[in-house]
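What follows is a short report on a single structure.
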Amino acid sequence: MCLAVPGRILSIAGGEGLDRTGRVSFGGVVKEVNLAFVPEAAVGDYVMVHVGFAISRVDEREAEQIFEYLTQMEELGDVATTERRSAGESA
C-alpha cells in the first residue's frame, strides 16, 4: 500500500526541473522534498508527498481532512493494539 501525506511548503530552492526542492512541514516536522512534479506549487501551498516527492497540490481544507483521517487511523491502531494485548493477557 502506498501512502502520500500532505505538507505545507515553507520555502523553495533550486531552479527548474529536478533541481527544484522545498522545505515542507508535516505538522511541525520539516523535511526537504523534491518539487519537480508540481512546478506550479508555491510557498504556502499544500502538497501530497510520497517517498520524498511532492506528487500533487491540494487545498488547505483537503489537507486538514487527510490529517484528520490519519489521526483516526492512528487511534484505531492504538485501540487494536490494546485489544490484542488484553486478549493475550487473559488467554
Could you name every one of the strands (runs of 3 or more DSSP E) located completely within the chain that has at least 1 residues being over 18 Å from the mean Cα position of the chain (by Cα) and free of Cβ contacts under 8 Å to residues at least 60 places away in the same chain?
5-13
With respect to Ala42, is the statement that it is surrounded by 14 or more Cβ atoms within 10 Å (Cβ to Cβ) and among the small types (Gly, Ala, Ser) true?
no
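Each reported figure results from applying straightforward, stated rules to the coordinates on display, with no laboratory input. The model shown is predicted, which means the values in this text are computed figures rather than measured ones. Reconstructed Cβ throughout: ideal geometry from the backbone, glycine too, with neighbour counts over all protein chains shown.
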